[in-house]
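What follows is a single structure, written as structure tokens, with notes after it.
The values are calculated or read from the model by the stated rules, or taken from the named source; none is laboratory data. Model, not experiment: these values are computed from the prediction. Don't worry about glycine lacking a Cβ; one is built from the backbone with ideal geometry, like all the others, and counts go over all protein chains shown.
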Amino acid sequence: MTDKKYIISLESLGFGPEFEVFKAEIGEQNLARVIAEHKERYIVKNENGEYIAEVIGNLRFSAHSRFDFPSVGDWVSISVYEGGKAFIHRIANRKNALKRQAVGKDGEEQIIAANINYAFVVEAVNRDFNINRFQRFLTICYEADIEPILILNKIDLIGKDKLSELSKLISSRIPNVDLITTSCYDSSGISALREAIQIGKTYCFLGSSGVGKSTLVNRLSGAVMMQTNSVSETSDRGKHTTSHRHLVVLKEGGLLIDNPGMREVGIANAQMGLESSFQHITRLSETCHFKDCAHRHEKGCAVLKALENGEIGKDNYQNYLKMQRETEHFEASELDRKQKGKKLSKLIKHVNNRRT
Ligand SMILES: Nc1nc2c(ncn2[C@@H]2O[C@H](COP(=O)(O)OP(=O)(O)OP(=O)(O)O)[C@@H](O)[C@H]2O)c(=O)[nH]1
Ligand SMILES: [Zn+2]
């Protein structure tokens, strides 16, 4: 066990009523949250401190996929043994999970983090600013049932006029989602951001590479209660052990997950999220002549009509189609994967039958 002086409650680690049953089943003393993941080693934390943990054989053997392994943010049942080490026995049902498609394996999903309340979706104001990407990340949030908050960062790079122009654009395209404008350089908006963070809630940062996610996390955790440095004290691999995903517990409450590798986030099976992030288009599509209208060239398409009369922007429409295609592609490749799996198992049966 390490860092005894940082004793905190389960609630401040994000524990909520949805995990009460799990807690009752395993006993409070065995409950912990996964705060870091590195290969197959984890750091788990509870009221007593932090432990380096690995999954027990049973869990490993019964696992069907990556989903059955712990990920950052999971609540787990542990048993502690000597030297601040623990075994992970079970994972509580996830409230939600942020997923991405594994690199190179078409269609297969990986869990990035679990049990998240809010996502800070970050875009920077420089030349790369892209409202479609904002919307793309929103789609991911809605699909995962994570409430988004928009951050427009690096506002030190532009003047007041440009900022108000961008803010207007964002609030017209994405109404009903809070927007915080920040600069890590001159600190503007950082206190507003800090105020938006609630005690015991888990936040992840989404946004493409270079928008300033890590810088923002560092700014917020300037008074970090506890980075997960305890691993480096006990492991032989030094500080870099924690370079993977981890959950930072802020001194003033609130839990942050920085997400390196969010670059490859794709729209995995996000039909539902797509519908909520393009509410206007979805509402229109209910009045299309054909029920399965793809809004591309169909007769009586309400979306195309709205596009024609300027009710929806061309940009918005094209972005919608692009994400639609991606979703379809994902669904198709997943189906393909399942069919291949079936074919393979048939083949194996066939071979086995011939042997006997
Ligand atoms: N001008 C300006 N630069 C910033 C600001 N915030 C971050 N940067 C710079 O932007 C660059 C990228 O910042 P990071 O925090 O590494 O970006 P990231 O989103 O974490 O990127 P990945 O880790 O690749 O996903 C760094 O050089 C930062 O110093 C800001 O508010 N203003
Ligand atoms: Zn249509």
Of all residues in segment 199-208 being surrounded by 14 or more Cβ atoms within 10 Å (Cβ to Cβ) and farther than 18 Å from D128 by Cβ, the one that is farthest from ligand 1 (Cβ to nearest atom): G200
Neighbours by Cβ (under 6 Å, 6+ apart or cross-chain): first from segment 47-69, within 17 Å of I111 (Cα to Cα); second part of a strand (DSSP E or B): V55/I88; R66/Q110
Qualifying position, being more than 16 Å from ligand 2 (Cβ to nearest atom) and modelled with pLDDT under 90, among L163, L138: L138
The one condition in (1) of a type in the set (D, E, K, R); (2) modelled with pLDDT of 90 or more; (3) closer than 21 Å to C184 by Cβ that K201 fails to fulfil: (3)
From the options A92, A86, A97, residue that is more than 16 Å from ligand 2 (Cβ to nearest atom), at pLDDT 90 or above and under 19 Å from L256 (Cβ atoms): A97
Residues within segment 167-186 that are of a type in the set (S, T, Y), part of a helix (DSSP H, G or I) and in contact (Cβ under 8 Å) with a residue 12 or more places away in the chain, tallied: 1
Strands (runs of 3 or more DSSP E) wholly inside segment 17-134 containing at least 1 residues that are over 30 Å from S209 (Cα atoms) and among the hydrophobic types (A, V, I, L, M, F, W, C): 31-38, 49-55, 75-81, 85-91
Selection status of Y81, hydroxyl-bearing (S, T, Y) and more than 20 Å from the chain's Cα centre (by Cα): yes
Residue that is farthest from ligand 1 (Cβ to nearest atom), among those in segment 287-328 that are part of a helix (DSSP H, G or I) and of a type in the set (V, I, T): V303
Every residue from segment 122-172 that is of a type in the set (D, E), buried (at least 22 other Cβ atoms within 10 Å of the Cβ) and away from ligand 1 (no atom under 16 Å from the Cβ): E143
